[in-house]
Amino acid sequence: MSAYRPIQTLNPTLVNQIAAGEVIERPASVLKELIENSIDAQASQIDIRLDGGGIRRISVTDNGHGISKEDLPLALKTHATSKICSLEELEQVDSMGFRGEALASIASVSYLHLSSRTENSKHAWAITASNQAPEPAHGSVGTRIEVRALFDKVPARRKFLRTERTEYGHCLQTLRRIALAYPNIHFRLTHNDRITANWPVNEFHQRVRDVLGEDFIQQCALVDNEHENIKLFGCIIRPEFASTKKSPQYLYVNGRFVRDYRLQHAIRQAYSDVLHGDRQPTFLLFLYIDPKEVDVNVHPAKHEVRFRNDGAVYRFVLDTLSSTLAKQQPNTYSSNADTSLTKPIPTSYAKTQQQSAWRNHLPPQQTSFDQQWKKLYEPLEYNQQAPLKEQINAPNLGATTTGLANQTTGTGLNQKENFPLGIAIAQLHGIYILSQTEKGLLLIDMHAAHERIVYERLKKSYEQESLASQELLVPVVMQIEEKEVGLIEEHLDQLKALGLKISLSGPQLINIRAIPAMLGQSDVEMMMRQVLKELADIGKVQLVQEQIHHILATMACHGSIRANRALTIEEMNALLRDMEQTERAGLCNHGRPTWHFWHLNDLDKLFLRGQ
Ligand code: ADP
Ligand code: MG
């Protein structure tokens, strides 16, 4: 223990240095604060110069409204801000900054030079942290802030900086995040005297292309949904393009980049039954919500937000993304996915409101992928309508396609029909269905496709509490392990809701008396073993929706046509028609594609026809 010391107020520089610890970790955090200030000053052009990964120098020059000579010294004072002046304003803040501590913090851990000029001034004025009396300077309207030798004054923090290259990488990432949200601002980045990014003012889709590359544009699906005071806009990767690599994930709330674990969970949840293996979703999503409904003052770097009604926000995001994904169809023919995303993005909720005619600015059809899907198969007519669908019950294909067979000739269907997934011609190796469409050739993985159909049906009827079970003629008797007896007892009611009627018939014996009618002839015992395994893994009495979906997916997998089962042409066509009516039919329950398409042009190319 040291000797007694009297209580003292900390000197202001030390206070600022402590505060800086929270907000300023590295050059990239300085850059973020400076760029955000330029945005708040309504700049349309922001020039960034970095030397030595930003450790030696960061300068940000903007053409915003500037700071008057009188206000200059205040800009470097803690808790001096022009952005809010009451609690009421804090509650609906829509500027990036509002605490008035960034510049003071940065100035306390570096050598800061600030020059600025407003419209009404004949020249710029400059101050430094050490000399706060403004002196005349050169410069056009706007602000220039230069930060040199970051953390030289605080060696303890300097030690934590990484290599210049790494720090530069962080700076670039910071710039990307901001630039994606502000296509209406021209950004230019120079590192060690080399221009490394130059993104002129552009439409949103062009900015996305500039920042994230052409592939991202090609592989994503457009998201756009609005409900009362909330809106979700942006793009997400189509599942078949997702990869296991660390993928870019950008999430914004009212124009501000955030890491919100709840929202990220909602996004992953939406992908939960369409992503193969450990692939990760890639997304660029902008959530707009009435600023009164969200608290941004949670974290010093403002990376976290809190929603007044976070359950509702969670559901909105989950539902929007699930239905976007449900509509996606894998499309190997998508060579030109460029027609969407051609619109300005609002930077704040207020602006989405100002642009109340938001939707009117948009091209009439937005989802180019939907359009392509339609174009690919136009004209699209189901002129067999409902009766067709009702006649077909995929799990018992053979028994129920008689009605269909009556109307068919040759390949099994009237050749004049134009079905999106075409007309089945043959089965390959007991695994694939070969189908001729109006524009080309389709190959369908019949097990994967059927599995998805059964799964979607199971989910739907489960949700409607109408999952019908069918009594088995001969109950399946199964030997189970001691610990599984408890599992079954605990979950008896839930299993019943899933269409599985089970009774215990001995110390370690169960009777499976009924299974979901949709599963047709499946291997009941295999399925039950899998379900028990799932239950053991979950280890909870009350299953949540995600877990129930998992179990349904397992059941669907076992109740689906296995490879090597010969299908008749009618059965194959019945399966194709069912796929056309099923959401997410392009991917099986494990996220593998269910079909691939080759356009006639592609086939012609293979054979050098017409060349
Ligand atoms: P905050 O952004 O939270 O208000 P800062 O410390 O980042 O706090 O900035 C303090 C003040 O300095 C701002 O409120 C603003 O008035 C002024 N300011 C800072 N940077 C700029 C800029 N680039 N253009 C115009 N004004 C600026
Ligand atoms: Mg600020």
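Quick rundown of the values:
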quantity: Of the criteria (1) of a type in the set (S, T, Y); (2) farther than 15 Å from N37 by Cβ; (3) outside any loop (DSSP other than H, G, I, E, B), which one S140 fails; calculated: (3)
quantity: Per-region count, region 174-207, residues modelled with pLDDT of 90 or more and open to solvent by less than 20 Å² (accessible area, probe 1.4 Å); calculated: 14
quantity: Single unsatisfied condition, Y168 versus (1) open to solvent by less than 40 Å² (accessible area, probe 1.4 Å); (2) at pLDDT below 95; (3) within 30 Å of S108 (Cα to Cα); calculated: (2)
quantity: Candidate set from region 35-56 (those that are open to solvent by 10 Å² or more (accessible area, probe 1.4 Å) and β-branched (V, I, T)); member that is nearest to ligand 1 (Cβ to nearest atom); calculated: I39
quantity: A124 being away from ligand 2 (no atom under 16 Å from the Cβ) and open to solvent by less than 10 Å² (accessible area, probe 1.4 Å); calculated: yes
quantity: Flag if Q530 is in contact with a helix residue (DSSP H, G or I) (Cβ under 7 Å, 6 or more places away or on another chain), under 21 Å from H447 (Cα atoms) and not in a loop (DSSP other than H, G, I, E, B); calculated: yes
quantity: Conditions (1) within 14 Å of I185 (Cα to Cα); (2) within 9 Å of ligand 1 (Cβ to nearest atom); number of the one not met by S95; calculated: (1)
quantity: Any hit, region 148-165, residues being surrounded by fewer than 22 Cβ atoms within 10 Å (Cβ to Cβ), within 19 Å of I58 (Cβ to Cβ) and of a type in the set (G, A, S); calculated: yes
quantity: Strands (runs of 3 or more DSSP E) contained entirely in region 194-276, each with at least 1 residues that are in contact (Cβ under 8 Å) with a residue 40 or more places away in the chain and assigned by TED's automatic domain parsing to the domain that holds V294; calculated: 220-227, 230-237, 249-253
quantity: Test: R565 is open to solvent by 10 Å² or more (accessible area, probe 1.4 Å) and not in a loop (DSSP other than H, G, I, E, B); calculated: no
quantity: Residue selected from region 504-523 under the condition more than 37 Å from the chain's Cα centre (by Cα) and touching a residue at least 40 places away in the same chain (Cβ under 8 Å), by the criterion most open to solvent (accessible area, probe 1.4 Å); calculated: Q521
quantity: Any hit, region 107-119, residues being within 13 Å of ligand 2 (Cβ to nearest atom) and among the small types (G, A, S); calculated: yes
quantity: In region 99-111, the residues that are open to solvent by 10 Å² or more (accessible area, probe 1.4 Å), near ligand 1 (Cβ under 8 Å from one of its atoms) and in contact with a Lys or Arg (Cβ under 8 Å, 6 or more places away or on another chain); calculated: G100
quantity: Answer from E135, E88 - the residue that is acidic (D, E), over 29 Å from L14 (Cβ atoms), away from ligand 1 (no atom under 13 Å from the Cβ) and outside the structural domain of V294 (by TED's automatic domain parsing); calculated: E88
quantity: Test: residue in region 57-70 that is assigned to a helix (DSSP H, G or I), more than 9 Å from ligand 1 (Cβ to nearest atom), closer than 16 Å to I24 by Cβ and modelled with pLDDT of 95 or more; calculated: no
quantity: Residue within region 112-121 that is surrounded by 16 or more Cβ atoms within 10 Å (Cβ to Cβ), under 26 Å from P27 (Cβ atoms), in contact (Cβ under 8 Å) with a residue 60 or more places away in the chain and more than 8 Å from ligand 1 (Cβ to nearest atom) present; calculated: no
quantity: Conditions (1) at negative phi; (2) within 12 Å of ligand 2 (Cβ to nearest atom); (3) part of a loop (DSSP other than H, G, I, E, B); number of the one not met by A43; calculated: (2)
quantity: Pairs where the first residue, in region 279-291, is under 9 Å from S243 (Cα atoms) and in a strand (DSSP E or B) and the second is open to solvent by less than 10 Å² (accessible area, probe 1.4 Å) and not β-branched (V, I, T), C-beta under 9 Å, 6+ apart; calculated: Q280/A242; Q280/Y271
quantity: Boolean, R157 is part of a helix (DSSP H, G or I) and more than 8 Å from ligand 1 (Cβ to nearest atom); calculated: yes
quantity: Enumeration of residues in region 71-84 that are near ligand 1 (Cβ under 6 Å from one of its atoms) and open to solvent by 90 Å² or more (accessible area, probe 1.4 Å); calculated: S82
quantity: Tabulated pairs, region 38-52, first more than 15 Å from N198 (Cβ to Cβ), second in a strand (DSSP E or B) and of a type in the set (A, V, I, L, M, F, W, C), C-beta under 7 angstrom, 6+ apart or interchain; calculated: S38/I46; S38/V60
quantity: Any hit, region 533-544, residues being in contact with a strand residue (DSSP E or B) (Cβ under 9 Å, 6 or more places away or on another chain) and of a type in the set (G, A, S); calculated: no
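The values are calculated or read from the model by the stated rules, or taken from the named source; none is laboratory data. As the structure is a prediction and not an experimental result, all values here were calculated from the model. Heads up, the Cβs are rebuilt from the backbone with ideal geometry, glycines too, and the neighbour counts pull from every protein chain shown. Please note that ligands, DNA and RNA were not included when accessible areas were found on the heavy atoms of the full protein model with its side chains. Shrake-Rupley method; radii C 1.70, N 1.55, O 1.52, S 1.80 Å.
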